[in-house]
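Let me give you the structure first, and then I'll get to my questions.
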């Protein structure tokens, strides 16, 4: 079994056809974790135990869970000293859905503390490495999720995406990262960073696997009032029939190799018969600032409960010491900024203005998708950074818009740079059009493979 290429569909098919048992799959993957994870540090907790022979669409399929998603009887730390030793008393909705279809949950993966980060270097516990090349950052906040798949220690991972936190690490690790429409997957059991932006996301090797997992995870959940039924059925659309938005403005600051890959994708679509309009949603500083205001304001509210009395902390510490000593620097920075924009004297100028800007962006986005099926853009306009040059990069320029407006977006690998690191393209579609987006991504992946681009 080639751990570096196995997919959800392949293992599910092998188990259903009795070519291999789920017990044998379990044994092989946990051996792989024991052998490889010391090099990559993707897992916080490994959940190795006897599970019998499950049944269902995902029987025996090894899937990891980001450690800000609750799993009954298992440590859930958010990669923070604040929740060190916390054991969840219940399962998140996605854990129940996966278990009901027989998935093998391999463990809980590392992340930027409380999901706050773009590069995967803000965990309070340890540093996850990028399995493609350990000298490069794995991306964040779902660093462990992506590394667990890229390192062949599972075939898919469940993470969370607030402003690109699934798509960015998937891209850095040469994988597919799918952020669904807001509400398509219940957030019950997800420890919130910014509730109106957070979305459960999926990391896989390809869009076909992302579609299969979506068919299991999508659906309304009475425990999450923001969830609703989003169609994830078959949606047949030929590449020659799609209308896509693309703008050279998105490449103005891009590194040459990145621009070349994205232009190649554009040209492949045009040669396939697709039509293009010159429009973009990206590069609006006012919208980007509004996203940060709302994200930090919501984070401040959500993290207020961690005071050593209600949640988190250690006995003997007062509230101030608990928060000062157990939150990391990035978390404290965002809380401080959130408190600033929520202060009475600043509320209208910052928070209210940001909310108004969000309303405008949603309307603009809806209007754009009246004319096109997808927006094509870079996932990032720079190559995967090393540890020394990450501070000069802004990873979420092209990713936050999907969270801000609640739209589905997906990143797929479209090429390689001179250092043989992956370069990804992002596709974004209208809210509720997840099936169409996945179908287009799937066909584009097949075209890229046919052309030898990946």
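The values are calculated or read from the model by the stated rules, or taken from the named source; none is laboratory data. Model, not experiment: these values are computed from the prediction. Counting neighbours? That spans all protein chains shown, and the Cβs are built from the backbone with ideal geometry, glycine included.
Within region 13-35, can one find any residue that is touching a residue at least 24 places away in the same chain (Cβ under 8 Å), surrounded by fewer than 17 Cβ atoms within 10 Å (Cβ to Cβ) and within 23 Å of the chain's Cα centre (by Cα)?
No, that holds for no residue.
Name the one entry in 383, 411, 429, 377 that is closer than 12 Å to residue 171 by Cα, crowded, with 24+ Cβ neighbours inside 10 Å and touching a residue at least 12 places away in the same chain (Cβ under 8 Å).
411
Let me ask something else. I need the full set of residues from region 80-116 which are surrounded by 24 or more Cβ atoms within 10 Å (Cβ to Cβ) and either in a loop (DSSP other than H, G, I, E, B) or on the phi > 0 side of the Ramachandran plot (or both), in order please.
80, 92, 103, 107, 110, 111, 112, 114, 115, 116 - these are the residues of region 80-116 that are surrounded by 24 or more Cβ atoms within 10 Å (Cβ to Cβ) and either in a loop (DSSP other than H, G, I, E, B) or on the phi > 0 side of the Ramachandran plot (or both).
Would you confirm whether or not region 337-360 contains a residue that is touching a residue at least 12 places away in the same chain (Cβ under 8 Å) and within 20 Å of residue 200 (Cα to Cα)?
no
Right, something else. Starting from residues that are surrounded by 14 or more Cβ atoms within 10 Å (Cβ to Cβ) and part of a helix (DSSP H, G or I), keep the ones in region 36-61 and report whichever is nearest to the chain's Cα centre (by Cα).
So the residue we want is 40.
Additional query: Of all residues in region 143-173, which are part of a loop (DSSP other than H, G, I, E, B) and either over 15 Å from residue 40 (Cα atoms) or within 8 Å of the chain's Cα centre (by Cα) (or both)?
Those that are part of a loop (DSSP other than H, G, I, E, B) and either over 15 Å from residue 40 (Cα atoms) or within 8 Å of the chain's Cα centre (by Cα) (or both): 155, 162, 163, 164, 165, 166.
So which residues in region 299-321 are in contact with a helix residue (DSSP H, G or I) (Cβ under 8 Å, 6 or more places away or on another chain) and not in a loop (DSSP other than H, G, I, E, B), if there are any at all?
Residues satisfying the conditions are 299, 300, 301, 303, 306, 311.
A quick yes/no check of all residues on (1) farther than 28 Å from residue 100 by Cβ; (2) under 24 Å from the mean Cα position of the chain (by Cα); (3) in a helix (DSSP H, G or I):
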| position | (1), (2), (3) |
| --- | --- |
| 209 | no, yes, yes |
| 214 | no, yes, yes |
| 222 | no, yes, no |
| 227 | no, yes, no |
| 262 | yes, yes, yes |
| 269 | yes, no, yes |
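Listed residues 331, 361, 341, 372; which is surrounded by 13 or more Cβ atoms within 10 Å (Cβ to Cβ), touching a strand residue (DSSP E or B) at 6+ places or on another chain (Cβ under 8 Å) and not assigned by TED's automatic domain parsing to the domain that holds residue 182?
Among 331, 361, 341, 372, only 372 is surrounded by 13 or more Cβ atoms within 10 Å (Cβ to Cβ), touching a strand residue (DSSP E or B) at 6+ places or on another chain (Cβ under 8 Å) and not assigned by TED's automatic domain parsing to the domain that holds residue 182.
Further question: Residues of region 400-421 being under 19 Å from residue 255 (Cβ atoms) and not in a strand (DSSP E or B), which ones?
Within region 400-421, 417, 418, 419, 420, 421 meet the criteria.
Kindly indicate which of 184, 156 is surrounded by 24 or more Cβ atoms within 10 Å (Cβ to Cβ) and farther than 18 Å from residue 111 by Cβ.
184
Still on this structure, I have one more. Please tell me if residue 119 is touching a residue at least 40 places away in the same chain (Cβ under 8 Å) and in contact with a strand residue (DSSP E or B) (Cβ under 6 Å, 6 or more places away or on another chain).
Criteria not met by residue 119.
Does region 400-412 contain at least one residue that is in the same structural domain as residue 232 (by TED's automatic domain parsing), in contact with a helix residue (DSSP H, G or I) (Cβ under 6 Å, 6 or more places away or on another chain) and within 17 Å of residue 258 (Cβ to Cβ)?
Taking every residue of region 400-412 in turn, at least one turns out to be in the same structural domain as residue 232 (by TED's automatic domain parsing), in contact with a helix residue (DSSP H, G or I) (Cβ under 6 Å, 6 or more places away or on another chain) and within 17 Å of residue 258 (Cβ to Cβ).
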